[in-house]
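K.L.:
My questions all concern the structure below.
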Amino acid sequence: MTPKNLYETFNKVYGKSAERTFFAPGRINLIGEHIDYNGGLVFPCAISQGTYALVSKRTDRNVNFYSMNFEELGIIESNLDNIEYLTEDDWANYPKGVLKYVQEDYTLDHGFDVLYFGNIPNGAGLSSSASIDVVTTVMVNNMFSLDIPQIDIVHNTRRVENEFMGVNTGIMDQYAITFGRKDSALLLDTQKAEHRLVPIKLKDMSIVIMNTNKVRGLTDSKYNQRLEECQRALKILQEFYDIQDLCELNQGQLEVKREAFLEDQIAYNRAFHAITENERVKQAVKVLEAGDIKAFGDLMYLSHESLKTDYEVTGVELDTLVDAAKKSEYCLGARVTGAGFGGCAIAIVEDKGLDAFIESVGLEYKEIIGYDASFYQAHVGDGAHEIIS
């Protein structure tokens with residue numbers, strides 16, 4: 001249900017009522033991290049938290065953006081005929097990028113006023129930016145009856161991140177936010193851009209999102225550096241194998257070529273993580289489909305350890321959360337979710353011990369880090385859609 005105050009705020013900001021309402025979720029990745037840009041399998045799901053967009057038509061070609069999350073910036077103005085990246089437009093560059101690329105293939109014959117509200121913590125690694133991109137695309141798709149195929153929504157919104165914003169993300173975030181389904185995760189082949197749904201049956205357990213409250217921005221992190229290190233590894237391995245992506249190989253195929261990495265141990269470590277993480281995703285789906293949540297939890301711990309030691313993207317905050325979670329008798333597994341460098345971790349927790357888990361992990365985190373973490377349950381929800389009242 002859309003929060004009532006969104007409609008009241010829209011009326012206050014624009015002096016008229018919103019005509020239509022759209023929503024795009026955030027996402028968590030259950031396992032399979034930093035391999036979507038290496039041609040690997042990932043296992044994300046959409047969550048109930050996300051981004052709302054309320055919109056009303058204009059008679060001219062002006063577009064006004066307003067975010068309740070950045071009220072201090074006020075209305076940010078643009079025009080469909082003159083869209084360019086402007087540093088001072090801050091967050092609004094995301095929807096502006098969407099409009100720029102949509103207009104390469106489709107006609108938008110009028111402008112609009114739009115209000116955004118997101119209940120995804122900014123910089124928490126739950127894909128707030130991709131959520132904005134996708135909700136904007138679904139909004140204009142429906143408003144203008146464009147019939148954009150879902151897979152094109154995925155590719156175009158990734159293009160916004162890559163080309164307009166300059167962040168070399170993979171396909172996972174946009175894909176999960178577009179194709180997500182309630183109570184299911186997506187086994188996504190990022191090389192083929194194909195997926196199948198896998199039911200998530202947690203019975204008397206919940207997914208708990210643990211936010212470090214250490215904000216990190218992808219453009220300010222070492223995300224692009226990790227991608228470059230993987231490309232170095234791929235180039236070395238292509239001397240021996242006819243491959244396009246690291247995740248086409250298995251662990252044995254990598255290890256027999258270890259001597260080729262004598263001068264670049266970092267590249268080997270990055271490749272080792274990508275390839276073994278891809279194999280963990282395959283195992284994770286098998287054990288989940290067999291109903292073995294404990295085995296899935298064990299794979300989550302292994303995933304986090306690899307992201308810590310081989311890929312070096314966790315940091316003291318995330319490691320503290322996962323270490324504290326592992327000590328709880330109610331926790332079956334925990335790991336970083338998203339790019340790392342701050343942001344969030346997730347845990348599978350028995351419902352009967354949910355409060356005790358949050359209390360014990362929260363206390364240990366504050367004692368070590370010095371400030372509070374935030375905790376909330378994740379409900380697996382649907383992908384981006386229009387909200388019909």
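The values are calculated or read from the model by the stated rules, or taken from the named source; none is laboratory data. Keep in mind that what you see is a predicted model, and the values were worked out from it rather than measured. No Cβ is skipped: glycine too gets one built from the backbone with ideal geometry, and neighbour counts run over all protein chains shown.
K.L.:
Find all pairs meeting these conditions: Cβ atoms under 6 angstrom apart; at least six residues apart or on different chains; first residue within region 139-164 and outside the structural domain of E84 (by TED's automatic domain parsing); second residue small (G, A, S) and in a helix (DSSP H, G or I).
P.N.:
none
K.L.:
So for region 267-281 (the condition being basic (K, R), out of contact with any Lys or Arg (no Cβ under 9 Å at 6 or more places or on another chain), buried (at least 16 other Cβ atoms within 10 Å of the Cβ) and in contact (Cβ under 8 Å) with a residue 24 or more places away in the chain), does at least one residue qualify?
P.N.:
Taking every residue of region 267-281 in turn, at least one turns out to be basic (K, R), out of contact with any Lys or Arg (no Cβ under 9 Å at 6 or more places or on another chain), buried (at least 16 other Cβ atoms within 10 Å of the Cβ) and in contact (Cβ under 8 Å) with a residue 24 or more places away in the chain.
K.L.:
Within region 40-78, which residues are closer than 29 Å to P199 by Cα and surrounded by 22 or more Cβ atoms within 10 Å (Cβ to Cβ)?
P.N.:
Answer for region 40-78, where residues must be closer than 29 Å to P199 by Cα and surrounded by 22 or more Cβ atoms within 10 Å (Cβ to Cβ): G40, L41, V42, F43, P44, C45, A46, I47, Q49, G50, T51, A53.
K.L.:
For region 363-389, which positions are surrounded by 18 or more Cβ atoms within 10 Å (Cβ to Cβ) and acidic (D, E)?
P.N.:
Result: E364, single match.
K.L.:
Limited to region 132-155, what total is found for residues that are of a type outside the set (V, I, T), surrounded by fewer than 21 Cβ atoms within 10 Å (Cβ to Cβ) and in a helix (DSSP H, G or I)?
P.N.:
5
K.L.:
May I pose another question? Please verify whether region 130-138 includes one or more residues that are closer than 16 Å to V98 by Cβ, more than 17 Å from the chain's Cα centre (by Cα) and free of Cβ contacts under 8 Å to residues at least 24 places away in the same chain.
P.N.:
Checked against the condition, which is being closer than 16 Å to V98 by Cβ, more than 17 Å from the chain's Cα centre (by Cα) and free of Cβ contacts under 8 Å to residues at least 24 places away in the same chain, region 130-138 yields no hits at all.
K.L.:
Let me ask you something else. Which residues, taken from region 63-87, are among the polar types (S, T, N, Q), more than 25 Å from the chain's Cα centre (by Cα) and farther than 12 Å from L115 by Cα?
P.N.:
S78, N79, N82
K.L.:
Can you tell me which residue is modelled with the lowest pLDDT among those in region 352-383 that are among the hydrophobic types (A, V, I, L, M, F, W, C), touching a strand residue (DSSP E or B) at 6+ places or on another chain (Cβ under 7 Å) and farther than 15 Å from T212 by Cα?
P.N.:
Out of the qualifying residues, it is A378.
K.L.:
Tally the residues that are at pLDDT 95 or above, among the polar types (S, T, N, Q) and not in a loop (DSSP other than H, G, I, E, B), restricting the search to region 1-18.
P.N.:
Residues meeting the conditions: 2.
K.L.:
Is there a residue in region 209-221 that is assigned to a strand (DSSP E or B), in contact with a Leu (Cβ under 7 Å, 6 or more places away or on another chain) and farther than 30 Å from L108 by Cα?
P.N.:
Yes.
K.L.:
I would also like to ask the following. Name the single residue, out of those in region 215-257 being crowded, with 17+ Cβ neighbours inside 10 Å and of a type in the set (S, T, Y), that is modelled with the highest pLDDT.
P.N.:
In this case the residue turns out to be Y223.
K.L.:
Applying the selection to region 184-198, what residues are at pLDDT below 90 and touching a strand residue (DSSP E or B) at 6+ places or on another chain (Cβ under 8 Å)?
P.N.:
Answer for region 184-198, where residues must be at pLDDT below 90 and touching a strand residue (DSSP E or B) at 6+ places or on another chain (Cβ under 8 Å): just T190.
K.L.:
Do we have A284 as of a type in the set (G, A, S), within 27 Å of K257 (Cβ to Cβ) and not assigned by TED's automatic domain parsing to the domain that holds G40 here?
P.N.:
yes
K.L.:
Please determine whether any residue of region 170-192 is surrounded by fewer than 20 Cβ atoms within 10 Å (Cβ to Cβ), part of a helix (DSSP H, G or I) and aromatic (F, W, Y).
P.N.:
The answer is no; no qualifying residue exists.
K.L.:
Ok, one more. Hey, could you check region 323-362 for residues that are surrounded by 23 or more Cβ atoms within 10 Å (Cβ to Cβ) and among the β-branched types (V, I, T) and say which is farthest from the chain's Cα centre (by Cα)?
P.N.:
For region 323-362, the residue satisfying everything is V361.
K.L.:
Please work out if L288 is touching a helix residue (DSSP H, G or I) at 6+ places or on another chain (Cβ under 8 Å), among the aliphatic types (A, V, I, L, M), at pLDDT below 95 and assigned to a helix (DSSP H, G or I).
P.N.:
Considered against the rule, which asks whether it is touching a helix residue (DSSP H, G or I) at 6+ places or on another chain (Cβ under 8 Å), among the aliphatic types (A, V, I, L, M), at pLDDT below 95 and assigned to a helix (DSSP H, G or I), L288 comes out as yes.
K.L.:
Right, another one. Under the condition of being touching a residue at least 12 places away in the same chain (Cβ under 8 Å) and part of a helix (DSSP H, G or I), which residue from region 79-92 is surrounded by the most Cβ atoms within 10 Å (Cβ to Cβ)?
P.N.:
Applying the filter and picking the extreme gives A92.
K.L.:
Shifting gears a bit: Of the residues that make up region 93-112, is at least one of a type in the set (S, T, Y), touching a strand residue (DSSP E or B) at 6+ places or on another chain (Cβ under 6 Å) and either assigned to a loop (DSSP other than H, G, I, E, B) or farther than 30 Å from G342 by Cβ (or both)?
P.N.:
There is no residue in region 93-112 that is of a type in the set (S, T, Y), touching a strand residue (DSSP E or B) at 6+ places or on another chain (Cβ under 6 Å) and either assigned to a loop (DSSP other than H, G, I, E, B) or farther than 30 Å from G342 by Cβ (or both).
K.L.:
While we're here: Does region 113-129 hold any residues that are of a type in the set (A, V, I, L, M) and either part of a strand (DSSP E or B) or modelled with pLDDT of 95 or more (or both), and which are they?
P.N.:
Within region 113-129, V114, L115 qualify.
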